[in-house]
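For reference, the structure is listed below as structure tokens.
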Amino acid sequence: MDMPVVKPFRAVRPARHLAARVAALPYDVLDTEEARKIAGGNPYSFLHVEKAEIDLEPGIDLYDRRVYEKARDNLDRMIREGTLIQDEKECLYIYRLKMGEHSQTGLVATAAVDDYLNNKIKKHEHTRPDKELDRAKHIDYCNANTGPVLLAYRSRKEIDAVIARWVEENLPVYDFIADDGVGHTVWLVDDSRVIKELIASFAHVDSFYIADGHHRCAAAARVALLRREAKGSYSGGEEFNYFLAGIFPDAQLKIMDYNRVVKDLNGLTPEEFLKKVAEKFDVEACPGSAPFKPRQKNTFGMYLQNRWYKLVAREEITKELKSVDSLDVSILQNNILGPILGIKDPRSDRRIDFVGGIRGPEELERRVQEGMAVAFALFPTTVEEVMSIADAGEVMPPKSTWFEPKLRSGLFIHLLD
């Protein structure tokens, strides 16, 4: 089986002295007001491209054509003014992120749309049509992939060795700590011999796995297919046939918990709800006020009426489970959220919301104290579980994984022509 394509490209990226001011969190982890607050007073923030509604009238429909036009205009302006500069030759980029004691180092390159279409780049989530169309319009109007897709691969020592040698022998082009404390360091790989060596080191990688960015990836493929159709004929070498990717070894990736909050108890009193939960879980009220954070699979934290409970799924409901059904997110869905709380489709049900583990259990407490009825803290899904499910061609429940730290937008942009 051929390896998935790893292709160098001419990145559009920040002038060295502006990198820290340009770099921004991904569009899909911030709402409009958060983005407006963060970008306020910073004309260089890439949120002016990724969340362009912040520069338009409050309350504008996020899918309004003017939002996409504003994103394009802001990107063009940042290039015109020299905030963003395109490299003169095709390069690869080494990108290291450091959050506390955790560090991960990967490669930024372009990956092939055809590898996505042929399942060499494997998926583990369904996309939502409206979100996919939104990203496709954003890519098409901007004529660029403005945010990287996080791809994982099963770690290989030969890849690590080539990257480590370049990092040791060369100075970074960017090295800064963002406002949230995450460090970002980038090395430019512009030596054609080393580029070939890096690409060759992926020879035994059979597949990439979408870790984060299913909508960005699907949207890039959609735009490529539209442009192929519009051209009538294409060589395959056109830039629109590739998309921006951060490619990292699985052993270095960190998945955090992705927790749930529910608006009501589906007509039950708290006592009735607890009684139903206890039919399939061992329920233990936690002493004191400290949050309960699960430390192993099949264990859950539950915050109800300002009190934490420890839930342990009984063996009778876990012993025969395989693949997707064995995930903690599935156990919670299939035994509490669905049958007890009446949430049949968490993808569309407005009674449920999802909270990334980076916000901590305090955010779950806050949401319940402000009106939600109950919150659940989960043990994180593992990277191996993600890849095994993708290998089997199966799909995980929505909001199963929260990867941290997040790749920043604005450090690398891939133009489509």
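Where a number appears in this text, it was derived from the coordinates with a stated rule and is not lab data. Note that this is a predicted model, so its numbers are computed, not measured. Every residue, glycine among them, receives a Cβ derived from its backbone with ideal geometry; neighbour counts consider all protein chains shown.
Annotations for the structure displayed:
- Compactness of segment 258-379 as Cα Rg over 2.2 N^0.38 Å, two decimals: 0.97
- Spin-label pair Lys157-Glu33: with each label point 7 Å from Cα along the Cα-Cβ axis, the two points sit 5.3 nm from one another.
- The stretch between Arg10 and Asn118, if pulled fully straight at 0.36 nm per residue, gains 36.3 nm over its current Cα-Cα span.
- Unit Cα scatterers, Debye sum, segment 351-417: log10 I(q)/I(0) for q = 0.18 Å⁻¹: -0.88
- Calculated FRET efficiency for the pair Arg193/Glu370, C-beta based, R₀ 60 Å, to 0.05: 0.55
- Counting only DSSP beta bridges whose two residues both lie in the chain, roughly 90 percent are antiparallel.
- With Cα atoms defining each centre, segment 181-211 and segment 275-315 are spaced 42 Å apart in the structure.
- Cross-link pairs Lys70/Lys254; Lys157/Lys254; Lys51/Lys89; Lys196/Lys231 - those with Cα-Cα distance over 25 Å: Lys70/Lys254; Lys51/Lys89; Lys196/Lys231
- The protection proxy used here, the mean number of other Cβ atoms lying within 10 Å of each residue, ranks peptides 410-417, 324-331 as follows, highest first: 410-417, 324-331.
- If you wrap segment 1-149 in the convex hull of its Cα atoms and look at it from every side, the mean projected area works out to 11.0 nm².
- Whole-Å distance, taken between Cα centres, linking segment 213-245 and segment 365-417: 25
- Karplus-based coupling profile of segment 225-241, in residue order and whole Hz: 5, 5, 6, 4, 5, 5, 6, x, 9, 8, 8, x, x, 4, 4, 5, 7, with θ = phi - 60° in 6.51 cos²θ - 1.76 cosθ + 1.60 and x standing for Gly or Pro.
- Residue list for segment 298-319, given a label point 7 angstrom along the Cα-to-Cβ vector of Asn334 and an amide N cut-off under 17 Å: 298-300, 312-319
- Cβ-derived FRET efficiency at R0 56 Å, Ile317 paired with Glu229, nearest 0.05: 0.70
- Modelled label positions at Asp180 and Ile79, each set 7 Å beyond Cα in the direction of Cβ, lie 2.8 nm from each other.
- Over the chain: helical MRE at 222 nm, DSSP H runs n ≥ 4 each giving -39500 (n - 2.57), nearest 500: -8500 deg cm²/dmol
- Each peptide in 117-130, 37-50 gets a packing score, the mean of other Cβ atoms within 10 Å over its residues, and the list from highest to lowest is 37-50, 117-130.
- Springs join every pair of Cα atoms under 10 Å in this Gaussian network model of the chain, and among Leu226, Leu337, Leu311 the largest mean-square fluctuation is at Leu226.
- The rule of thumb for compact globular proteins, 2.2 N^0.38 Å, goes into the C-alpha radius of gyration of the chain 1.02 times.
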